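Inspection log for the structure reproduced underneath, given as structure tokens.
The values are calculated or read from the model by the stated rules, or taken from the named source; none is laboratory data. Note that this is a predicted model, so its numbers are computed, not measured. All Cβ positions, even for glycine, are placed from backbone atoms using ideal geometry, and neighbour counts span all protein chains on display.
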Amino acid sequence: MAGRSPEGRSVEPRETPDLEPFLPVRLGVVTAGLLSVLLYLSLLGLPLLGVFVAPMAAVPVIQVRAGGRPPVLAWGWPALLLATVAVVGGATALGVLVGYLLLVAWPATTAEWWSEGGWTEGRWVAVTTALGLVLVLALAAALSGGDPVGATRALIHRAGLQAEPMYLDLGFGRGEIALMLDRAERTLGWVLPGMLTGYLVMTLFWLRPRLPFVGLPVEVGPFEQYRNDEWLPAAFAAAGAGTVLLHGVPRWVAVNALMVVLILCFVQGLAIIRAHVARFVGRGLLVRWGLGLICLQVPLVFLVAALGMIDSFRSLRPAAVTDDGRNE
């Protein structure tokens, strides 16, 4: 929890909390790659729990880089193996390959660039997220035959029909099911790639404070100090204009880019709120989860994203001082 200066102003801590290394023993490239695949495949083997287990898949690969070897040695051979399966396995196997690249290969590779290039953490998040969105959009466009919105709607419609008996058993009427399915088709047909990229953002922020503790030489500050990269407002303007002015596939690209930018703005807005709340109630687990769940409620989610965008131009964080009373 932030302390107080003699004048009563808040004092921000200078160090991140102590964490134990996840993998104190160095892993070989084969072991790291195999472990990353097993953790990633929890998305399929553990339908609900796997959402929380899969972000760990990048950790053994990143630790290979921390040991002085390129991470591609660890994730490259599983990716080639999955690509071979995708050649004969069709769209489902190709989706598994893209998911592995999205959650493991991209974060590990860009983390290496971060450690070597002196990036800010905001730039690491932005570059990894942008690469992930491009990958998802490219896959969706390639599999859709030039109509990604229509193909996604058809996919959601088939999935809804398959799930209809389950909803009937839960007590929903056929009319209610048809209405929910229609809303899902109209909405997800446009924004599904952005939602998948949002899961990548969640993974990055799970990895972010843990990178130094697996041995990667990067500087990570408290979440309350997090800021997005400086080009994000320009991306917001471009994606917003494209959403309004474009049509067809270009508009689909712009809509998903806008959604991803808003997700990153939401994260920065959440950091602002946490910075204020931490002065009074600390940074405990219940505080973090409670704030996150509250801020995800509509319309608060848009207000928090707006705070993040405004903070890009004018700081909304509380004034902090060091322990000797100097302003930071």
Contacts under 7 angstrom Cβ, first residue in the range 298-320 being touching a residue at least 12 places away in the same chain (Cβ under 8 Å), partner of a type in the set (D, E, K, R) and surrounded by 14 or more Cβ atoms within 10 Å (Cβ to Cβ), 6 or more apart | Pro318/Arg279; Ala319/Arg9; Ala320/Glu12
Residue count, the range 39-82 (criterion: loosely packed, with under 15 Cβ neighbours inside 10 Å and assigned to a helix (DSSP H, G or I)) | 6
If we keep just the residues of the range 280-293 that are loosely packed, with under 12 Cβ neighbours inside 10 Å and among the aliphatic types (A, V, I, L, M), which is farthest from the chain's Cα centre (by Cα)?
-> Leu286
Report whether or not Arg65 is charged (D, E, K, R) and touching an Asp or Glu at 6+ places or on another chain (Cβ under 6 Å).
-> yes
From Thr197, Thr187, which residue is among the hydroxyl-bearing types (Ser, Thr, Tyr) and in contact with a helix residue (DSSP H, G or I) (Cβ under 6 Å, 6 or more places away or on another chain)?
-> Thr197
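Quick grid of which residues meet (1) surrounded by fewer than 19 Cβ atoms within 10 Å (Cβ to Cβ); (2) under 18 Å from the mean Cα position of the chain (by Cα); (3) not aromatic (Phe, Trp, Tyr):
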site	(1), (2), (3)
Leu135	no, yes, yes
Ser144	yes, no, yes
Gly150	yes, no, yes
His157	yes, no, yes
Leu170	yes, no, yes
Thr197	no, yes, yes
Leu216	no, no, yes
Trp252 fails exactly one of (1) part of a helix (DSSP H, G or I); (2) more than 23 Å from Gly194 (Cβ to Cβ), namely (2)
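Determine which member of the set Ala234, Ala239 is in contact with a helix residue (DSSP H, G or I) (Cβ under 6 Å, 6 or more places away or on another chain), in the same structural domain as Arg288 (by TED's automatic domain parsing), assigned to a helix (DSSP H, G or I) and closer than 14 Å to Leu262 by Cα. Steps first, answer last, please.
Details: Ala234 fails: in contact with a helix residue (DSSP H, G or I) (Cβ under 6 Å, 6 or more places away or on another chain).
Step by step, each of Ala234, Ala239 is checked, and only Ala239 is in contact with a helix residue (DSSP H, G or I) (Cβ under 6 Å, 6 or more places away or on another chain), in the same structural domain as Arg288 (by TED's automatic domain parsing), assigned to a helix (DSSP H, G or I) and closer than 14 Å to Leu262 by Cα.
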Filtered residues of the range 222-263 (kept if within 18 Å of Val304 (Cβ to Cβ) and of a type in the set (Lys, Arg)) | Arg227
